[in-house]
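Accompanying notes for the structure given below.
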There are 2 protein chains.
Amino acid sequence: MTMVSQIKIGEYLIRQLAKYGIKHVFGIPGDFILGFYDMLERCEHIRLITTCDEQGAGFAADAYARVSGLGAVCVTYRAGALKVANTIAQAYAEKSPVIIISGAPGADEKQGSNLLHHPVSDFGVQKRVFDEFTVASTVLDSPATAQDEIDRVIHAALKFKRPVYIELPRDMVSVPCPAGHKEKREQETSDPGTLAEALHEAVALIDSAAQPVILAGVEIHRFGLQKELTALARNKGIPVAATILAKSVVADTRDFYMGIYEGATGLEDVCRYVESSDCLLLLGTFRTDLNLGMFTARLTQSIYATSEKISIKHIPFDNILFQDFIKGLSRAPISPRTIGNIPRPHPPRPISNSRKSKVTIDSLFQHLNAFLKKDTIVIADAGATLSGANDLYIHRSMKFLSPAYYASPGFAVPGALGAQLADPEFRPLVLVGDGAFQMTGMELSSIARYGLNPIVIVINNQGYSTERPTLDRPFNDVHPWQFSKVPAVLGSGIGFIVETEEDLAKALLTADQNTHGYTVIDVKIGRDAQALSRLRQAEKVQTKTP
Amino acid sequence: MTMVSQIKIGEYLIRQLAKYGIKHVFGIPGDFILGFYDMLERCEHIRLITTCDEQGAGFAADAYARVSGLGAVCVTYRAGALKVANTIAQAYAEKSPVIIISGAPGADEKQGSNLLHHPVSDFGVQKRVFDEFTVASTVLDSPATAQDEIDRVIHAALKFKRPVYIELPRDMVSVPCPAGHKEKREQETSDPGTLAEALHEAVALIDSAAQPVILAGVEIHRFGLQKELTALARNKGIPVAATILAKSVVADTRDFYMGIYEGATGLEDVCRYVESSDCLLLLGTFRTDLNLGMFTARLTQSIYATSEKISIKHIPFDNILFQDFIKGLSRAPISPRTIGNIPRPHPPRPISNSRKSKVTIDSLFQHLNAFLKKDTIVIADAGATLSGANDLYIHRSMKFLSPAYYASPGFAVPGALGAQLADPEFRPLVLVGDGAFQMTGMELSSIARYGLNPIVIVINNQGYSTERPTLDRPFNDVHPWQFSKVPAVLGSGIGFIVETEEDLAKALLTADQNTHGYTVIDVKIGRDAQALSRLRQAEKVQTKTP
C-alpha cells in the first residue's frame, strides 16, 4: 500500500489564499485560531501581519483588498471576530472583497454543555451576524466538503467583490482532505443576443445625444475596467466625471476627465455639465447620498450599468455581465466626437514655502496637492474626504482610497498598513482628522513594526468637525492629543507640529526624506476651520436633524 | 382649548434612563444620533461621556452597568453601533445590563431608493445583529407605542440583567407622545407552594450533609443578593467559594470565605474542599470553562440556582424566582453548624520596598496586594485574571471587575472610565497586559478628559502571554510601546517605568499621592514571565490546539 500525502484543511485554505494573490493576512492570534496561525506562519508565501486591535486588522484587510483585489483578516472566535463586524459591513457596502477567517470551537467542544469561553447563546450566532454583511459563508466542519466550500466562498468574493466568511473549527485545521479534489470555478457568461441588443441600444442612444457624459463609479475599479473606460472616453470623446467613492478611477491628468460629481454639494461646473447631459452613462456607480450629492442629484440615467443591474432608458437587460457590457461598449461602433470645453480638475498651484501665515484648510490642501507624486497613494479618512481631499490632484489611477460611502471613521491609518503592504511601490499619504486618529491611529504601531513609511497628516480641528455645521455642541470636541509625540510612545517615526505654512513646507520636506519610517504631522487648523465643500453642503442641503 | 405639554419620544427615553439610575451615557456623536445627543446634553440629570472609539464606550457602559446596575451606550447608525457588537456580546454573556441606543435614518429616508450612507443591505440588518446578543429590542418608529416600548425593553434589561437594544430614528426624537401614559412594570412572583417545597427540599439536603459548600456565582451580585448570601453563610456556617467571574462577590476578609474555585487549574486546597463536598450549592453560577476550571470540574451539583434554572438533586423547580429562592434560603430553618478548618485567602504578606531585585509576576502581585485599600476597585483585563489577579485580596464586596467568562481583551482601561464614573468613591486599580493596552488603552484620553484618577498597571511581558504556554511563536509578540510616555501624548497624567521592586514601590507611592489624575506604570516583567495559575493550567490541562 502506498501512502498518499494528503493536504490538510488549513493547508488547502492557505494554498487557495495564495493562489488568488493573498500575500499578507491581517489579524490577532487567539486560542481558537492558534493552530491555523502556526500553519500560516510556517507558510512561505503568506506573511502574518498582526495589529494592535482586530478593528485595525479589519480596516487593513479592506484597504489591501481595494489595492490588490482580495484581502483576508484572520481572527479568533467571538472576542476577535465580532470586533471586525463594522469593518466588514463597510467592505460589503463599498464592494471590497475581504475574506474573514475565524477560529471556532471544535466539534467535541460544541457537544454537551456550554463549557466554553467567548460564548453567547449558541454556536451559530457569529455566522448569522456575518451572514448580514457577506455574500457567502461556510463552517469547515467536514473534510469531505471543506475544499469545495473554500472554493465556493472564495469564488463568491471574487465574483461579487464583497466579503465572505469562513469559520474554521480548531479541531479541523489539521484534518486531511480526500485526495483528488479539482477546483471547479463556474465561468459566468453573458447571453450573446441580449448583450448585442443592449450594446446596439446604447450606441444608438449615445450617437443621438448632444452631450453624453460618463459618471464613473467604483465598480470600474473593482472589476478592473479602467483601461476599457479610458478607451471609451478617449477614443469616442465622451467626458468622464467620477463619484467620490470612485475618486481616482481616472487619473486627474487625463484630458477627458472633469473631476468629482457630488450633485449640488460639489463643484458647480462639474455639477452643471453632468446634469445638463442628455445622455448620462452611470457606469459602476451606486446611487447614494455621499457619492451623488446629498439628495440633490437630478439625473436622467440614460444608461445604468453595475454588476447588479444593467438598464437603458429604464429598460432592464438581464443575463449580461457588467464587465462584458463595459468591454463591449469600449469596442462598440460609437461615432467619435471631439471633447469641447469641459470642466477640468485644477492642477496644483504654485505655492510659497516661506509664508508665516497660519495654515488653513485651503492652504493645507494646496500644499498637499503640490506635494503629491506619481508614487503617492492618498488614503483619506471618512471626515477628510469632506474637508478638501476631493480636490486633490491624483496622478495615477486608483491612487486615492477612502470610505466615502459607508463612511466609518478610523479607516485611514490601518488602511495605510494594508495599502502599502499590498503595493510597496506606493507611499501612502494619510489624511485623518484628530477624532478619527483617536479611534485607530495607534495602529502606527503596526506600521512601525513592519517598517512602512506613510506620511500621516492629522487634520487637527479639535473635534468632529463634520458634525459642527449641523450642530455645534461640546460633544463634538475631543480631548487634545500631542500627536507629534506618538513616535515617542512607539519608539520610532518622527513627529511635527505645524501651525504656519512655513512649518508645513518644512515638515513635508523632512517627511519626504524620511523614507525609513513613518512621519506624523499634526496640522493645527483650528476649531472653526471648515472644509469648503462641507460648508457648501451645510448651506445648500437642509439638514434632517432636529 | 388648553395646550397640554406633551413629552417627546427622546425626552421620555431620557426620563426613563434617569429614573432607573443612569447618570452617565457613553458614546460618540454621529449624524443619525445628533438630535438625541443635543437633547441629552441639555438634560441636567445625565452626563454625556464621549470616548475615543465606540469600542471604548461599549466597555465603559458595561463596567458602569456592573457597578451601578444599569448602563447605556449611545451611538450613531452602523459605523457607530456595529463597533460595539463585541462589547455587547460580552455584556450579554456576563450578564451586564447595558442599553444600546442607536440613531437611525428617519422614516422618509427609508422610503424609496437607498440614498443613504452607512448602508448595508437593508434597514433591518443592525437590529438583527443586536437581536443575537440582547434580550429585547425595539425600533421607536411610532409615537403611539414608543413609551410602552421603551418601558418594555428597559424592564427586560433589569429583569434578565442583559443588554437591550433601542433604535431611535432621527425624525422621531422630537415627536410628541400621547399624553396619559402609565408605566406598567410586570411584577413577577414565585409560586408560593413550589417555593416552599424547593426550600424544604434544600433544607433537608443541607441538614443531612456532612460538608455543605456554597459556590457563589456572579448572579448573586447582579441580583443584589450579597447580604442574603452572607447571612446564609455566616448564620448557618456554610463556607463559600466563588467563581472567577464572581471574584469579590464576598470580600476576602470574611471568615467563611475560601477563595476562588477553578477546578484543577486553580488553588489546590479550595479545589479539594469544594470537590469533596457532599452538598454543593451552586448559587448564581454559570457552568463554563473559565469559571469552573478547564473541563475538569467534577461537581455533585446538589442544589443549582440561577435566574434561568433552579434544581435540587437534578429535579427542576419551575415558577420560582432566583432572588426569592436565595432570600428564602437565607431565612430557612437550616441547622447552624460551626465552620471548621477551611482554606482561606492569603492576606497580603509584608514586603520590602527597597529590594533591587527585578520584578516578577509574583512580586508584582505581592506589592499590589499590599497596596490595595478599602476604596480600591480592581479592574482586571482578560489576560490579567490569568496572571495572578485572582489571588488579590479584595477588601470590599464586588470591588473586582473582570471579563472572566467571555474574556475580551481591552476591557480594563475603558472599564475604569465606566466604573469610576459609576462610583467616584472608589479609585480603580487597572491591571492590563501590554497587548490589551494596545487595543483600548488610549481611552486614558477619556479618563484624562473627565478628570478621573485610576492607577494603571501595564503588565508588560512583551506580547500575548496567555497564548505562549500553548504555542510560543512570534505572532504572540507585540510592538514595544513606551507606555510611560502616553501622558506626554495626552497632555496629562504621569508615567513610570518599573524594573525592580524598589522602582515599583516608589511608583505605587507616587501614584497613590497623585490623586489629581491617572498614573500609568509600565511594569517590565519580561517576556518569559508567566502567571503561576496559567502555568498550572498549561501543565494540567491538555490543550486542544494542534
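Things to note:
- Selected residue (criterion: surrounded by the most Cβ atoms within 10 Å (Cβ to Cβ)) from residues of segment B:490-527 that are of a type in the set (Ser, Thr, Tyr) and under 18 Å from B:HIS367 (Cβ atoms): B:THR519
- Tally of residues being charged (D, E, K, R) and within 21 Å of A:PHE133 (Cα to Cα) across segment B:122-167: 6
- Restricting segment A:485-511 to residues that are more than 23 Å from A:ILE447 (Cα to Cα) and not in a helix (DSSP H, G or I) leaves a set whose member that is nearest to the other protein chains (Cβ to nearest Cβ) is A:GLU499.
- Being assigned to a loop (DSSP other than H, G, I, E, B) and crowded, with 21+ Cβ neighbours inside 10 Å is a property that A:THR189 lacks.
- Residues of segment A:444-484 that are crowded, with 23+ Cβ neighbours inside 10 Å, in a loop (DSSP other than H, G, I, E, B) and among the β-branched types (Val, Ile, Thr): A:THR466, A:VAL478.
- Matching residues in segment B:1-23 - criterion: being assigned to a helix (DSSP H, G or I) and either modelled with pLDDT under 95 or basic (Lys, Arg) (or both): B:ARG15, B:LYS19
- Residue that is farthest from the other protein chains (Cβ to nearest Cβ), among those in segment B:451-476 that are free of Cβ contacts under 8 Å to residues at least 12 places away in the same chain and under 25 Å from B:PHE365 (Cα atoms): B:ASP472
- Meets criteria (over 23 Å from B:GLU308 (Cα atoms) and not in a loop (DSSP other than H, G, I, E, B)) for B:GLU197: no
- Against the numbered list (1) in contact (Cβ under 8 Å) with a residue 60 or more places away in the chain; (2) under 24 Å from A:LEU431 (Cβ atoms), A:HIS346 comes up short only at (1).
- Condition check for B:THR138 on (1) in a loop (DSSP other than H, G, I, E, B); (2) modelled with pLDDT of 95 or more; (3) surrounded by fewer than 24 Cβ atoms within 10 Å (Cβ to Cβ): one failure, at (1).
Yes or no, residue by residue, for (1) more than 10 Å from every other protein chain (Cβ to nearest Cβ); (2) out of contact with any Gly (no Cβ under 7 Å at 6 or more places or on another chain); (3) under 30 Å from A:GLY263 (Cβ atoms):
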residue	(1), (2), (3)
A:GLY388	yes, yes, yes
A:ARG396	yes, yes, yes
A:PRO409	no, no, yes
A:VAL432	yes, no, yes
A:GLY441	no, yes, no
A:ARG449	no, yes, no
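- The set of residues in segment A:58-92 that are closer than 20 Å to A:GLU132 by Cβ and more than 11 Å from every other protein chain (Cβ to nearest Cβ) comprises A:PHE59, A:ALA61, A:ASP62, A:ALA65, A:GLY71, A:ALA72, A:VAL73.
- Residue among B:PHE59, B:PHE32, B:PHE26 that is touching a Pro at 6+ places or on another chain (Cβ under 9 Å) and in a strand (DSSP E or B): B:PHE26
- Within this structure, A:THR440 passes the test of being assigned to a helix (DSSP H, G or I) and either among the polar types (S, T, N, Q) or under 29 Å from A:LYS358 (Cα atoms) (or both).
- Any hit, segment A:354-371, residues being in a helix (DSSP H, G or I) and within 14 Å of another protein chain (Cβ to nearest Cβ): no
The values are calculated or read from the model by the stated rules, or taken from the named source; none is laboratory data. What you see is a predicted model, and the numbers here were worked out from it, not measured in a lab. Positions of Cβ are generated from backbone atoms using ideal geometry, with glycine treated the same way; all protein chains shown enter the neighbour counts.
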